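The values are calculated or read from the model by the stated rules, or taken from the named source; none is laboratory data. Since we're looking at a predicted model, the values are computed, not measured. A quick note on method: Cβ atoms are made from the backbone with ideal geometry, for glycine too, and the neighbour counts reach across all protein chains shown. These accessible areas exclude ligands, DNA and RNA; they are computed on the full protein's heavy atoms, side chains included. Shrake-Rupley method; radii C 1.70, N 1.55, O 1.52, S 1.80 Å.
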Amino acid sequence: MTVQDSRTTFTLTDEERALLPTDEDVAFYAEHGWYLSQKLFTDEEVEQLEAASERFYAGHRDRTLPVRPPKLAYWEPEHGPVQRHNDYIHYEDDTIGRILRKPLLGAVAARLAQAEQIRVFQSTLIYKPPVAQEQSNIVPWHFDRHYWATSTSERMLTAFIPFHDCGEEMGTITMVDGSHRWKEIATNDATSLHFAERDRSELDRMLEENAAYNGVEVKKIPVFIPKGHVNFHHCRTYHGSGANVSDRPRRAISFHLQDGDNRYREFRRSDGAPVSYNHDVLVRRTAEGIPDYSDPEFLPLLWSDH
């Protein structure tokens, strides 16, 4: 696997620079907590992503993780026709990893996060089957920062990359507008548990209670994402998605990104239980013996202004 490190020089063409967020776009992201990009991927690149995902589901791997983290999301055929989630797709599949490392994507994220560098944090291949009643297709309201408690950064963000036009009928990602600016009712509690480990009604109630605490109404915006475009959202923006009531699967990658300043930190819940992230058993250690969230093998650099 070819990895990029801090010495890599990143460049954009004139055509790519024209696709970067404007000052107005950056201000929109800062106010609303999300941003729909221009067309960042060509039709050919998106079609390569879909073809590679089908090969992956059929069993192809360019490599596999050296150890299996305890909370790895990893659909396998024996799990049946549920919503599929497969973490570390950028590591296990070279075609997908190459396309995701397109410098333009990292440059857009850097503009939005106002960061000098952007690295991979996680990537999840997602397949939502066209079954209206399939309960696994419903993603409850949550924000990603809760699950990244061992990270120091407040500027992390996610790029949601569908492999086709993606609208409400397919269960597109839905933003809770401006929710990244809300104050939380409480911190250091069970919110660090992934939504798959918690009751959906509890998460729905948490959203409403958090909005009431901030004196605002919940404004939900299903984002229509044309093929090749990408929806970015802040790590504290509440989001979720509904059923796929269309006649074809919803295919996408959720690409989580970290700014160059992000580091590992120890974090414990209020009951004293330590929190860990899947990276912690994979990445190299720093001189201090803690997980290195800049490990280029698993968390390669996507963009640097240097």
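Here are some notes:
- If you go through segment 8-29 and keep only what is open to solvent by 50 Å² or more (accessible area, probe 1.4 Å) and within 19 Å of ILE173 (Cα to Cα), you end up with just PHE28.
- Note on segment 122-135: residues that are outside any strand (DSSP E or B) and hydrophobic (A, V, I, L, M, F, W, C) total 2.
Residues checked against (1) over 17 Å from the mean Cα position of the chain (by Cα); (2) in contact (Cβ under 8 Å) with a residue 40 or more places away in the chain:
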position	(1), (2)
GLY215	yes, no
ALA243	yes, yes
PHE255	no, yes
ASP280	yes, yes
THR286	yes, no
PHE298	no, yes
SER304	yes, yes
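- In segment 94-112, the residues that are free of Cβ contacts under 8 Å to residues at least 60 places away in the same chain form Cβ pairs under 8 Å with partners that are polar (S, T, N, Q), at six or more places apart or across chains, as follows: THR95/GLN48; ILE99/GLN48.
- Within segment 199-306, strands (runs of 3 or more DSSP E) holding 3 or more residues that are open to solvent by less than 30 Å² (accessible area, probe 1.4 Å) and within 28 Å of ILE99 (Cβ to Cβ): 231-234, 239-241, 250-259, 301-304
- Residue match in segment 105-121 (condition: at pLDDT below 95 and either part of a loop (DSSP other than H, G, I, E, B) or surrounded by 20 or more Cβ atoms within 10 Å (Cβ to Cβ) (or both)): no
- When the test is whether a residue is in contact with a Pro (Cβ under 6 Å, 6 or more places away or on another chain) and closer than 30 Å to ASP280 by Cβ, PHE10 passes it.
- The requirement of being out of contact with any Asp or Glu (no Cβ under 9 Å at 6 or more places or on another chain) and either β-branched (Val, Ile, Thr) or farther than 30 Å from VAL216 by Cα (or both) is fulfilled nowhere in segment 27-36; no residue meets it.
- When VAL245 is tested against (1) in contact with a helix residue (DSSP H, G or I) (Cβ under 6 Å, 6 or more places away or on another chain); (2) modelled with pLDDT under 95, just one condition goes unmet, and that condition is (2).
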